[in-house]
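Novice: The structure under discussion is supplied below as structure tokens; questions concerning it will follow.
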Amino acid sequence: MRTLILTSCTGEKASKPANQLVSDDFCSGRKHLQSREKELKDFLMPAESLYTGQQHVRLMRGVGLIREEGKQVNLEFQILSAGYGLIPSDRKIAPYEATFQGMKKGELRHWAEQLDVAKDFAALMATKRDLSIILLGDSYLEACQINEKTDFASPTLLFCGKGAAKKLPHHKNLKVVTLSNPEAKRFSCGLVALKGEMAHRICSGLVLGKLTPKILTATKVDVLSVLENGKVAASKQNKTSDKKKPPAKKTVMRPNPQVDKVIQIPKSWWDKPHRKKLRYFIPEWDDLVDPDFDFITDTHSGGRGDWGNQVYAHQMYPEPNYDGLLMSRAVAEKSKAKRDRINDIGVHRMLRVPREFPIMGDCGAFDYIMEEVPPYTTDDVLDYYTRLDFDLGISVDHLIVSATEDQKLYRYNLTINNADELLKEHHKAKLKWEPIGAVQGWDPDSYAKAAGQYVKMGYKYIALGGMVRTTSREILQCVQKVREKVPADISIHVLGVARLDWMNSFAEAGVQSVDSASYLRQAWMRVNQSYTSFDGPYAALRIPEAGKSFRAKNMEAHPDLTESKILKMEQAALNAVRAYGSKKGSLEDALEALLEYDQFVTAERVDMRDAYVRTLTHRPWEKCGCAICQTWGVEVVIFRGNNRNRRRGFHNTYVFYRLLQKVLAGESIPFLTKDGTTNQLGLNLV
């Protein structure tokens, strides 16, 4: 069984002498390279022994199996090196520092041509074998220049990321298997090592006779399922069954023509003074509710939720509770229906805001945080921002976090190069929307150094990313360091951070805008801070839907509970809270009913008595003048399903927006301390 495995070099190597080869050595001709290799003769070793990255380590386990026990497998093992080009795995080479990752497209293509990568790859693929396996990252695939004319003479499995897969042309013998974060979790393997793990499992299956090239490359076979459990499973896209199952009954969605209206914004909103100091953008994450939801029967007026029968927060108030919206590419394209809609009518019309309302776009780096390369190119993003009519667009960045520590320099330089490309192409095309350069780093100095480069590029707006998990004080120090390198006429945006009591400090340090959905999302993500008020946070009253909420479903396994008893306790809690809300029932009755139901929801439930007493006693929903609290009253503080929880999130944003204006005006917020925490019940508000 003739089998080819083609993998890439890795940054981690068995030896890294101080005088190791660098890119200039490979560019200086064959004689120079041979001379340098003589200097490094003590470090020369077979290429397969030099690399120690996790992908290579896992791959070598499989290669070792074939060499030890796979007599029926004739293995050809090739490595694509960013220094040496395409080489046999047993070729002796010297340690070097060179990679295709992070190179600009033109630079990558030029260097790959110098190494004859595309020519050698085409020749390698044109040779007939029983099976070929390709394990290359996005940049290395780019170097191979795969196109419609590439001849895949053998059945070929190619493992790559989603971004690279989209660029690959269809070939009869080529089967592309995409790997991303879900697959990494599925196989309990870091994404950087996942291709190597897949190859190891294939090698093991070939040696044991459990796998054959025919099984692995069959159109209807789900390769990942085979590698996960060793059993042949049909692909989800092509899965068939002799028995036709009746289609599941779906609730019919009824559109509501009254909801699809662009809001009108009063002049007073545009003139708010805080905006000259700092603007607040809120991320768009499909946060919509049914305006006619029936809270008594828990019934959606449109059958089920959809863009065509639900409204955004800014449609429920006389004016928006934020200065702009931020839409991530990953969110905009999460479903085909949404992608088609936004491409058809543009971002402003889809979000139902007037054209002059600011909308910022970014790529959603958290969604591809563990990908080797971002799934979007600069050319693609330029087209996306222009076509959908964004007002501001952020360059393609790649997050630097502890899990990607070994890639931080690569990600850092990739982000800088992408920003440089975006601005140059933006100026060349004379586009109308404002470009924002995304800045990544790992400490104040690295952020400041990058920001200094953006100034030289010509940016007038930059965005500091990757700070969501950083303390407010550290963010402030970083901003101050960046501002030393950035003139006052260049705006700074901080991505994902809007911590109330620090906003004035951020603004004074030179931040012009921020974005965050934390106050919206804490409505359903924070037990004791679900409801924000001008007097501090309160706990919402949890009454999960029996038979629907995953928490309430846990009750069904309790030996002392029947379905009817669960429903009875649920209705008793709802009725008692509503009676108290309308001042027809007592606090004691509401509290007793709440706690009786609450004790069975989870086995290790936090005692909510004190928090509930505080919420019920203070009746914060009555003191709030926002349109949502005034219309739906106590229903807003009941923790139960999307239409209550998101309404409460909209209310939280209303309160936050007004508190933000007070903070920026220099007013103190009584319940906050300087570090952004509340002095009531010891609750953290930020």
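The values are calculated or read from the model by the stated rules, or taken from the named source; none is laboratory data. All values derive from a computational prediction rather than experimental measurement. All Cβ positions, even for glycine, are placed from backbone atoms using ideal geometry, and neighbour counts span all protein chains on display. The accessibility values were calculated without ligands, DNA or RNA, using every heavy atom of the protein model including side chains. Shrake-Rupley method; radii C 1.70, N 1.55, O 1.52, S 1.80 Å.
Novice: Among the residues of the range 552-566, write down those that are crowded, with 16+ Cβ neighbours inside 10 Å and modelled with pLDDT under 75.
Specialist: Residues satisfying the conditions are 552, 555.
Novice: Now for a separate question. What is the residue count in the range 214-230 for residues that are open to solvent by 20 Å² or more (accessible area, probe 1.4 Å) and in contact (Cβ under 8 Å) with a residue 60 or more places away in the chain?
Specialist: Selection size over the range 214-230: 1.
Novice: Scan the strands (runs of 3 or more DSSP E) fully inside the range 374-473 and keep the ones with 1 or more residues being aromatic (Phe, Trp, Tyr).
Specialist: 461-464
Novice: Could you list, in sequence order, the residues of the range 153-176 that are open to solvent by 10 Å² or more (accessible area, probe 1.4 Å) and within 17 Å of residue 4 (Cα to Cα)?
Specialist: Matches in the range 153-176: 153, 155, 173, 174, 175, 176.
Novice: Do any residues in the range 292-309 that are in contact (Cβ under 8 Å) with a residue 40 or more places away in the chain and assigned to a helix (DSSP H, G or I) have Cβ atoms under 6 Å from those of residues that are of a type in the set (Gly, Ala, Ser) and open to solvent by less than 60 Å² (accessible area, probe 1.4 Å), where the two are at least six apart or on different chains, and which pairs are they?
Specialist: 309/302
Novice: Then there's this: Check the range 447-457 and report whether any residue there is within 20 Å of the chain's Cα centre (by Cα), open to solvent by less than 10 Å² (accessible area, probe 1.4 Å) and in contact (Cβ under 8 Å) with a residue 24 or more places away in the chain.
Specialist: Looking through the range 447-457, none of the residues is within 20 Å of the chain's Cα centre (by Cα), open to solvent by less than 10 Å² (accessible area, probe 1.4 Å) and in contact (Cβ under 8 Å) with a residue 24 or more places away in the chain.
Novice: If residue 436 passes every condition in (1) out of contact with any helix residue (DSSP H, G or I) (no Cβ under 8 Å at 6 or more places or on another chain); (2) over 23 Å from residue 160 (Cβ atoms); (3) surrounded by fewer than 24 Cβ atoms within 10 Å (Cβ to Cβ) but one, which one does it miss?
Specialist: Checking residue 436 against (1) out of contact with any helix residue (DSSP H, G or I) (no Cβ under 8 Å at 6 or more places or on another chain); (2) over 23 Å from residue 160 (Cβ atoms); (3) surrounded by fewer than 24 Cβ atoms within 10 Å (Cβ to Cβ), the one that fails is (3).
Novice: Step by step: first the residues of the range 567-579, then only those that are free of Cβ contacts under 8 Å to residues at least 24 places away in the same chain and touching an Asp or Glu at 6+ places or on another chain (Cβ under 9 Å), then the one that is surrounded by the most Cβ atoms within 10 Å (Cβ to Cβ). Which residue is that?
Specialist: 576
Novice: Give the residue, chosen from 360, 370, that is in contact with a Gly (Cβ under 9 Å, 6 or more places away or on another chain), farther than 21 Å from residue 433 by Cα and either open to solvent by 10 Å² or more (accessible area, probe 1.4 Å) or assigned to a strand (DSSP E or B) (or both).
Specialist: 370
Novice: Of 188, 154, which residue is polar (S, T, N, Q) and without any contact (Cβ under 8 Å) to a residue 24 or more places away in the chain?
Specialist: 188
Novice: Name every residue in the range 632-642 that is part of a helix (DSSP H, G or I) and either among the small types (Gly, Ala, Ser) or crowded, with 23+ Cβ neighbours inside 10 Å (or both), in order of residue number.
Specialist: 633, 636, 637, listed by residue number.
Novice: Return the only residue of 86, 59 being under 23 Å from residue 121 (Cα atoms) and not in a strand (DSSP E or B).
Specialist: Among 86, 59, only 59 is under 23 Å from residue 121 (Cα atoms) and not in a strand (DSSP E or B).
Novice: Here's a follow-up. (1) surrounded by 20 or more Cβ atoms within 10 Å (Cβ to Cβ); (2) modelled with pLDDT of 95 or more: which one isn't true of residue 466, the others all being true?
Specialist: Among (1) surrounded by 20 or more Cβ atoms within 10 Å (Cβ to Cβ); (2) modelled with pLDDT of 95 or more, residue 466 violates only (2).
Novice: Is the range 167-189 home to any residue that is among the charged types (D, E, K, R) and over 27 Å from the mean Cα position of the chain (by Cα)?
Specialist: Yes, some residue in the range 167-189 is among the charged types (D, E, K, R) and over 27 Å from the mean Cα position of the chain (by Cα).
Novice: Separate question: Working only within the range 184-208, note down all residues that are farther than 22 Å from residue 370 by Cα and touching a strand residue (DSSP E or B) at 6+ places or on another chain (Cβ under 9 Å).
Specialist: Within the range 184-208, 202, 203, 206 qualify.
Novice: Same structure again: So which residues in the range 30-84 are out of contact with any strand residue (DSSP E or B) (no Cβ under 8 Å at 6 or more places or on another chain) and basic (Lys, Arg)?
Specialist: 30, 31, 38, 41, 58, 61, 71 - these are the residues of the range 30-84 that are out of contact with any strand residue (DSSP E or B) (no Cβ under 8 Å at 6 or more places or on another chain) and basic (Lys, Arg).
Novice: Next question, about the same structure. Over 26 Å from residue 138 (Cβ atoms) and in contact (Cβ under 8 Å) with a residue 24 or more places away in the chain: is that true of residue 420 in this structure?
Specialist: It is false that residue 420 is over 26 Å from residue 138 (Cβ atoms) and in contact (Cβ under 8 Å) with a residue 24 or more places away in the chain.
Novice: Under 6 Å between Cβ atoms, which residue pairs at least 6 apart in sequence (or on different chains) link something in the range 43-60 that is closer than 15 Å to residue 196 by Cα and in contact (Cβ under 8 Å) with a residue 60 or more places away in the chain with a partner that is charged (D, E, K, R) and surrounded by fewer than 20 Cβ atoms within 10 Å (Cβ to Cβ)?
Specialist: Once the first residue is closer than 15 Å to residue 196 by Cα and in contact (Cβ under 8 Å) with a residue 60 or more places away in the chain and sits in the range 43-60, its partners that are charged (D, E, K, R) and surrounded by fewer than 20 Cβ atoms within 10 Å (Cβ to Cβ) give 53/12.
Novice: When residue 188 is evaluated against the numbered criteria (1) over 23 Å from residue 408 (Cβ atoms); (2) open to solvent by less than 30 Å² (accessible area, probe 1.4 Å); (3) outside any helix (DSSP H, G or I), which criterion, by number, is the only one it fails?
Specialist: In the conditions (1) over 23 Å from residue 408 (Cβ atoms); (2) open to solvent by less than 30 Å² (accessible area, probe 1.4 Å); (3) outside any helix (DSSP H, G or I), residue 188 misses (2) alone.
Novice: Still on this model: It is to be established whether one or more residues within the range 316-324 are polar (S, T, N, Q), assigned to a helix (DSSP H, G or I) and touching a residue at least 24 places away in the same chain (Cβ under 8 Å).
Specialist: There is no residue in the range 316-324 that is polar (S, T, N, Q), assigned to a helix (DSSP H, G or I) and touching a residue at least 24 places away in the same chain (Cβ under 8 Å).
Novice: Tell me, which residue of the range 62-83 that is open to solvent by 50 Å² or more (accessible area, probe 1.4 Å) and assigned to a strand (DSSP E or B) is modelled with the highest pLDDT?
Specialist: Filtering the range 62-83 for residues that are open to solvent by 50 Å² or more (accessible area, probe 1.4 Å) and assigned to a strand (DSSP E or B), the one modelled with the highest pLDDT comes out as 76.
Novice: On to the next question. Any chance you could count how many residues in the range 273-286 are outside any helix (DSSP H, G or I) and within 21 Å of residue 489 (Cα to Cα)?
Specialist: 5
Novice: Sticking with this one: With the structure loaded, tell me whether residue 491 is within 27 Å of residue 534 (Cβ to Cβ) and either modelled with pLDDT under 95 or open to solvent by 10 Å² or more (accessible area, probe 1.4 Å) (or both) or whether it fails that test.
Specialist: no
Novice: If you don't mind, there's one more thing I want to ask. Quick one: in the range 601-631, which of the residues that are assigned to a helix (DSSP H, G or I) and free of Cβ contacts under 8 Å to residues at least 24 places away in the same chain is least open to solvent (accessible area, probe 1.4 Å)?
Specialist: Only one residue fits best here, namely 629.
Novice: Residue by residue through the range 251-277, note down the ones that are of a type in the set (S, T, N, Q) and surrounded by fewer than 12 Cβ atoms within 10 Å (Cβ to Cβ).
Specialist: 251, 258, 264, 268
Novice: Considering only residues that are of a type in the set (A, V, I, L, M), under 21 Å from residue 565 (Cα atoms) and open to solvent by 20 Å² or more (accessible area, probe 1.4 Å), which ones fall in the range 580-600?
Specialist: Result: 595, single match.
Novice: When residue 6 is evaluated against the numbered criteria (1) part of a loop (DSSP other than H, G, I, E, B); (2) surrounded by 14 or more Cβ atoms within 10 Å (Cβ to Cβ), which criterion, by number, is the only one it fails?
Specialist: Failing condition for residue 6: (1).
Novice: Please verify whether the range 24-31 includes one or more residues that are at pLDDT 95 or above and polar (S, T, N, Q).
Specialist: No, because not a single residue in the range 24-31 is at pLDDT 95 or above and polar (S, T, N, Q).
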